[in-house]
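To start, the structure itself, in structure tokens.
Laboratory data are not the source of any read-out in this text; all were calculated from the coordinates shown. The model shown is predicted, which means the values in this text are computed figures rather than measured ones. All Cβ positions, even for glycine, are placed from backbone atoms using ideal geometry, and neighbour counts span all protein chains on display.
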Amino acid sequence: MTRPGKDPRKNPQKNELAVVSGASSGIGAATARALAAMGYHVLAGVRTDSEADAVRGDGIEPVTLDITVSEHIEALARRIADDPERRVLRVLVNNAGIEINAPVEVLPLSLWREQFEVNLFGHIAVIQELLPFLRRSRGRVVNISSVGGVAALPVFGAYAGTKFALEAASDSLRREVSAHGVQVVVVQPGGVRTEMAARSGDISLGLAAEMSAEHQRLYGGLINATVSSNTAFLERAVPAAKAGATIARVATTPRPRARYTLGTDAAFIIPLARFLPARLMDGILAMSHRSRTSKPLPAPASESAGSPS
Ligand SMILES: NC(=O)c1ccc[n+]([C@@H]2O[C@H](COP(=O)([O-])OP(=O)(O)OC[C@H]3O[C@@H](n4cnc5c(N)ncnc54)[C@H](OP(=O)(O)O)[C@@H]3O)[C@@H](O)[C@H]2O)c1
């Protein structure tokens, strides 16, 4: 695992704001808590009133933020501009995300677009709106990518596409705004124990159940292998609280690197994907999937007691 400086901010700036999108659960909720514990006033993006009640706490103020809704983003900008204590925005953590996996040929275009709307365009919209505040504070953007931002596994094409694109946009942005005093950092988690994998496994199995007989024959085994290897992946996953603490350190360490992996799996897979020839990676992935592809597709969790991951 690559680590940011171990000392977060020795003297937390209690007069500073941090924004975390997707703070209702998982990594976002944990990051909001970790930043609040450092002394930031965290504007925690959630989409429902019940999630707002659940996330509200010492130093955590829920804000309604669906990152695909421009009115929500504009309201967030007004909330920051009109801060009653005139606190500056120091940190923006672009964390919200969805994962809908199916083979490239099978995933409906509407679901390709939905993932790009959330995992890429939503973050760009938030960045565009909040950059003026970060310029004033010489603050930091932290974009939550994934191992999928470097290694595109079969069945993960759309999700990986969004994360590759976020990685590219982060590189451009970093090179554009460093002269203005704004830092841009990418975090690349491997497996983190959240609800995302179970939800996405269930969606994959639901999509698989609706596939044509031909697609079942072509891709059923691959989808099965993917869902079951995700389950195994999660067993070794980093707890969300640990991921949140790492992201909070990345958000506050004095001289950040451009990228941090999160988890030993990410630290292992990302260099492999970067440096091994693509054909060799293909072979390694095919081998790791082969042992699982002969098994029949499990039912989606909604139809069976066991969650796929
Ligand atoms: N868990 C992993 O193993 C893993 C690995 C690599 C990268 N990541 C990345 O880490 C980030 C957080 O994922 P997680 O594992 O913590 O998943 P999670 O528990 O499912 O959290 C995803 C968050 O995104 C929010 N969200 C979804 N659509 C949104 C939208 N349109 N606008 C605003 N918020 C929205 C969700 O809100 P609702 O509750 O309202 O749906 C939720 O708060 C994602 O970017 C994911 O790609 C996760």
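The figures follow:
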read-out	value
Proxy reagent accessibility, fewest Cβ within 10 Å first, across 182, 142	182, 142
Rel. contact order, % - alpha carbon contacts under 8 angstrom, at least six apart, segment 134-192	49
Whether segment 199-268 is rounded, prolate or oblate, judged on the alpha carbon gyration tensor where a/c under 1.5 counts as rounded	prolate
Hull shadow area, averaged, segment 170-231 [alpha-carbon convex hull, nm²]	6.4
Counted charge near residue 49, where neighbours are those whose Cβ lies closer than 15 Å (Asp, Glu -1; Lys, Arg +1)	-2
Derived scalar couplings ³J(HN,Hα) [segment 252-263; Karplus, 6.51 cos²θ - 1.76 cosθ + 1.60; whole Hz; x for Gly, Pro]	10, 5, x, 10, x, 7, 6, 9, 9, 7, 10, x
Estimated FRET transfer efficiency (residue 210, residue 116; beta-carbon r; R0 22 Å; 0.05)	0.50
For segment 16-290, with +1 on Lys and Arg beta carbons and -1 on Asp and Glu, the positive-most of 218, 192, 141 along the dipole	141
Average Cα contact separation per residue, segment 5-152, under 8 Å, 6 or more apart, as relative contact order %	23
Cα-centred dipole magnitude for segment 33-117, charges only on beta-carbon of K, R (+1) and D, E (-1), debye, nearest 20	360
Dipole magnitude (debye, nearest 20) for the chain, charges at Cβ of Lys, Arg, Asp, Glu	1600
Beta bridges by DSSP in the chain, antiparallel share as percent, to the nearest 5	5
Full-stretch length increase - residue 198, residue 286 - with 0.36 nm per residue and alpha-carbon distance subtracted	29.4 nm
Dimensionless Rg over Rh [the chain; C-alpha; Kirkwood]	0.98
